[in-house]
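Just below is one structure, and these are the notes that go with it.
The values are calculated or read from the model by the stated rules, or taken from the named source; none is laboratory data. Predicted model only: the values in this text are computed from it and were never measured. All Cβ positions, glycine included, derive from the backbone under ideal geometry; neighbour counts span all protein chains shown. Each accessible area value is taken on the protein alone, full model and side chains, heavy atoms only, with ligands, DNA and RNA left out. Shrake-Rupley method; radii C 1.70, N 1.55, O 1.52, S 1.80 Å.
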Amino acid sequence: PDSNNISVLDLYDYSHFFVEAGNSPLGISFDNSKKNVFVSNWYDGVISVIDLVSKRKKYEIKVGKSPAGIYFDNINQKLYVANRESNNISVINTENFEVEKSIKVQDSPFGVYSEDYLNYVVVTNVQSSSISIIEKKNFNLLKNIKVGKWPYSAVHDKINNYLYITNQRDDSISVIDMDKKENVKTLVDVCEYPEGIDISYVQNLIVVACWFEDNIILINLDDFSLQKKIK
């Protein structure tokens, strides 16, 4: 964000180059079919569209105040943007780069998460301590669900149909049953300021990045027991 660029890493030969990405780039998502990178510019209230072939910014899309997390829906070619200071989500048609809809959520939306196989998008509302579930088909707000303090990131467990939400200032993870669309469990004292979260199905683990502890923790996917901390 302070360098106003993004880093592009080649995972075959580990080469690296920078691309200018507008003012204060924060969130990032990728359209593989068109080789476009979408970057949210926090202070300017725009989305930069970067062409990875020419390595240049080719377009700017005006959205709300303080755009943060973004998610590109590969199936429907829509981009979802959380506008933290506007308390809404911009849905952008990436065929014409126009805002198709603005969806009101709760206070300070920051993270946006989904997967191609899911029919909804998850938004973490930091100051409301809640998540919003938005339907992809009609962009309807299906439900707001209360979680812990300062929710940050989300991941979906396709085996149990659960969502796991990291709550920064609660040091906890909320477990959301998506069949019921209810918060059914809270994993407390997992670590200080949990932020990023993902799942390894091969190893049957939830993987969590802990900001204040400078470590990663591994949690068993079945019984939620702590397996290991990695500095």
Quick one: would you say V91 is touching a residue at least 60 places away in the same chain (Cβ under 8 Å), assigned to a strand (DSSP E or B) and open to solvent by less than 40 Å² (accessible area, probe 1.4 Å)?
no
Looking at (1) surrounded by 14 or more Cβ atoms within 10 Å (Cβ to Cβ); (2) under 16 Å from N41 (Cα atoms), find the lone condition where A154 falls short.
(2)
Would you pick out the residues in the range 110-140 that are more than 18 Å from A68 (Cβ to Cβ), open to solvent by 20 Å² or more (accessible area, probe 1.4 Å) and not hydroxyl-bearing (S, T, Y)?
E115, D116, N119, E135, K137, N138, F139, N140
For V39, state whether it is assigned to a strand (DSSP E or B) and more than 15 Å from the chain's Cα centre (by Cα).
no
Assigned to a strand (DSSP E or B), of a type outside the set (D, E, K, R) and farther than 25 Å from A82 by Cβ: is that true of Q227 in this structure?
yes
Does at least one position in the range 136-147 carry a residue that is touching a Ser or Thr at 6+ places or on another chain (Cβ under 9 Å), within 19 Å of F30 (Cα to Cα) and either touching a residue at least 24 places away in the same chain (Cβ under 8 Å) or in a loop (DSSP other than H, G, I, E, B) (or both)?
yes
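One line per residue, one yes/no per condition, for (1) in a helix (DSSP H, G or I); (2) hydrophobic (A, V, I, L, M, F, W, C); (3) farther than 20 Å from S114 by Cα; (4) at pLDDT 95 or above:
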site	(1), (2), (3), (4)
Y164	no, no, no, yes
K180	no, no, no, yes
T186	no, no, yes, yes
C191	no, yes, yes, yes
Q203	no, no, yes, yes
V208	no, yes, no, yes
Among I61, I50, which is β-branched (V, I, T), under 22 Å from K101 (Cβ atoms) and either buried (at least 19 other Cβ atoms within 10 Å of the Cβ) or touching a residue at least 12 places away in the same chain (Cβ under 8 Å) (or both)?
I61
